[in-house]
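The values are calculated or read from the model by the stated rules, or taken from the named source; none is laboratory data. Remember, it's a predicted structure, so these values are computed and weren't measured experimentally. We place every Cβ from the backbone using ideal geometry, glycine too, and count neighbours over all the protein chains shown. Keep in mind that these areas ignore ligands, DNA and RNA; they rest on the heavy atoms of the full protein, side chains included. Shrake-Rupley method; radii C 1.70, N 1.55, O 1.52, S 1.80 Å.
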Amino acid sequence: MLDQINRIREDAQSAIASVDSPEALEAFRVKFLVRKGIIAQLFDQLRDVPPGEKPALGKALNELRNHVQQLFDGKAAILQKGTESAVSIDLSLPGRRGYLGSKHPLTQTLDEIKSIFIGMGFGIADGPELEDDYHNFGALNFPPDHPARDMQDTFFISKTALLRTHTSPVQIRVMENHPPPVRVIMPGRVYRNEAVSARSLSAFYQVEGLYVNTGVTFSELKGTLVAFARQFYGRDIKYRFVPSFFPFTEPSAEMYITCFLCKGKGCRMCKQTGWLEVLGCGMVDPSVFRSVGYDPERYTGYAFGMGIDRTAALRYGVDDLRLFYESDIRFLNQF
Ligand SMILES: [Zn+2]
């Protein structure tokens with residue numbers, strides 16, 4: 001009988017090793033551990049053995065039963081764990097899709113404006129957002145009491161330090177540091193003390209351009225801007241220049257193009273006029289040249305500027321400028 005016990009122990013050990021499913025485990029239990037299983041049958045035979053051998057065989061049988069029970073419990077625990085991890089990694093689920101980002105619509109717009117002007121020979125200049133009164137106003141022909149300052153109310157940090165209201169101070173800084181000829185565009189963030197609404201923001205982006213050389217004419221300004229507008233807004237646009245006022249240019253103009261939404265018929269976007277104002281421009285005022293040490297008798301130049309937010313809004317038909325700054329993924333996904 002001892003031989004049988006040893007053989008069953010070996011059988012159970014090799015059987016448990018190949019158990020890899022709850023069904024196989026159940027078969028193992030039925031074979032070895034139930035009331036009619038082979039170990040229980042040996043217990044039954046214990047009645048027939050001579051009384052002298054009973055204690056030793058009984059002990060061996062108990063050990064066998066405990067050992068096989070342990071094999072069963074161990075495998076059951078392993079299988080249970082396997083089921084749990086199979087639940088947490090469900091291979092039949094579709095994978096998580098990675099989000100593909102894109103450039104912000106304002107960055108896209110600025111990139112395109114930059115590449116058009118770079119293609120026409122312009123360089124790019126940068127300047128500080130925290131400016132002094134002189135570079136933001138004084139050197140640009142805004143006298144201290146001039147009403148044009150009201151149009152550009154800003155955030156003063158101290159009596160003389162302020163957040164720039166336009167990128168024009170960069171024009172002054174470029175001209176202070178470079179003799180003519182100068183041909184650059186100046187993109188950057190600007191600030192105005194304005195109530196935030198669908199049509200105005202207290203912080204937004206501008207890009208300005210400046211060309212100074214001997215004999216620069218208004219027709220060159222016009223030609224450059226028309227070439228830009230055709231590339232940016234479309235070949236078939238119509239345009240017009242309307243006289244305007246800026247302290248730092250003389251003469252000054254605003255450029256309009258036919259509304260590309262209604263093709264000039266009149267709609268909400270163009271306030272029923274059929275025209276959209278796209279930028280301001282003009283010939284640099286001689287007093288600006290004097291303040292940077294250029295000889296106004298020798299040099300002439302033109303300057304122009306546009307709001308990038310407004311340009312992007314026109315281009316994409318966005319009717320509320322605040323949308324550009326709300327980081328709403330449903331809005332940004334469209335670009
Ligand atoms: Zn229109």
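General remarks:
- Qualifying residues in the range 238-274 (those that are charged (D, E, K, R) and assigned to a strand (DSSP E or B)) - the one nearest to the ligand (Cβ to nearest atom): ARG240
- Checklist (1) open to solvent by less than 40 Å² (accessible area, probe 1.4 Å); (2) touching a Ser or Thr at 6+ places or on another chain (Cβ under 7 Å) applied to ILE116, failing item: (2)
- Residue under evaluation ILE172, criteria (1) surrounded by fewer than 17 Cβ atoms within 10 Å (Cβ to Cβ); (2) modelled with pLDDT of 90 or more; (3) among the aliphatic types (A, V, I, L, M), criterion not met: (1)
- Residue in the range 173-193 that is free of Cβ contacts under 8 Å to residues at least 40 places away in the same chain and aromatic (Phe, Trp, Tyr) present: no
- Residue-level check: of (1) open to solvent by 20 Å² or more (accessible area, probe 1.4 Å); (2) in contact (Cβ under 8 Å) with a residue 40 or more places away in the chain; (3) under 19 Å from ILE113 (Cα atoms), TYR239 misses just (2).
- Selection within the range 129-148 - more than 16 Å from GLU176 (Cβ to Cβ) and in contact with a His (Cβ under 9 Å, 6 or more places away or on another chain): none
- Of the residues making up the range 275-312, just one is touching a Cys at 6+ places or on another chain (Cβ under 7 Å), modelled with pLDDT of 90 or more and within 16 Å of the ligand (Cβ to nearest atom), namely TRP275.
- Selection of the range 290-335 for residues being of a type in the set (Ser, Thr, Tyr) and open to solvent by less than 20 Å² (accessible area, probe 1.4 Å) yields TYR294, TYR302, THR311.
- Residues in the range 150-167 that are of a type in the set (Lys, Arg) and over 20 Å from VAL207 (Cα atoms): LYS159 only.
- Some residue of the range 206-220 being over 19 Å from LEU276 (Cβ atoms) and free of Cβ contacts under 8 Å to residues at least 12 places away in the same chain: yes
To keep it simple, each residue is scored yes or no on (1) in a helix (DSSP H, G or I); (2) at negative phi; (3) open to solvent by 30 Å² or more (accessible area, probe 1.4 Å).
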{"residue": "ILE16", "(1), (2), (3)": "yes, yes, no"}
{"residue": "LEU42", "(1), (2), (3)": "yes, yes, no"}
{"residue": "GLY52", "(1), (2), (3)": "no, yes, yes"}
{"residue": "LEU57", "(1), (2), (3)": "yes, yes, no"}
{"residue": "GLN69", "(1), (2), (3)": "yes, yes, yes"}
{"residue": "PHE72", "(1), (2), (3)": "yes, yes, yes"}
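Yes or no, residue by residue, for (1) surrounded by 21 or more Cβ atoms within 10 Å (Cβ to Cβ); (2) under 27 Å from the mean Cα position of the chain (by Cα); (3) polar (S, T, N, Q); (4) closer than 18 Å to PHE304 by Cα:
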| site | (1), (2), (3), (4) |
| --- | --- |
| GLU131 | yes, no, no, no |
| HIS146 | no, no, no, no |
| ILE157 | no, no, no, no |
| PRO181 | no, no, no, yes |
| VAL190 | yes, yes, no, yes |
| THR217 | no, no, yes, yes |
| LYS222 | no, no, no, yes |
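- Condition met for PHE228 (touching a helix residue (DSSP H, G or I) at 6+ places or on another chain (Cβ under 9 Å), part of a helix (DSSP H, G or I) and closer than 22 Å to LEU110 by Cα): yes
- Considering residues of the range 25-40 that are in a helix (DSSP H, G or I), open to solvent by less than 80 Å² (accessible area, probe 1.4 Å) and touching a residue at least 12 places away in the same chain (Cβ under 8 Å) only, the residue farthest from ARG9 (Cα to Cα): LEU25
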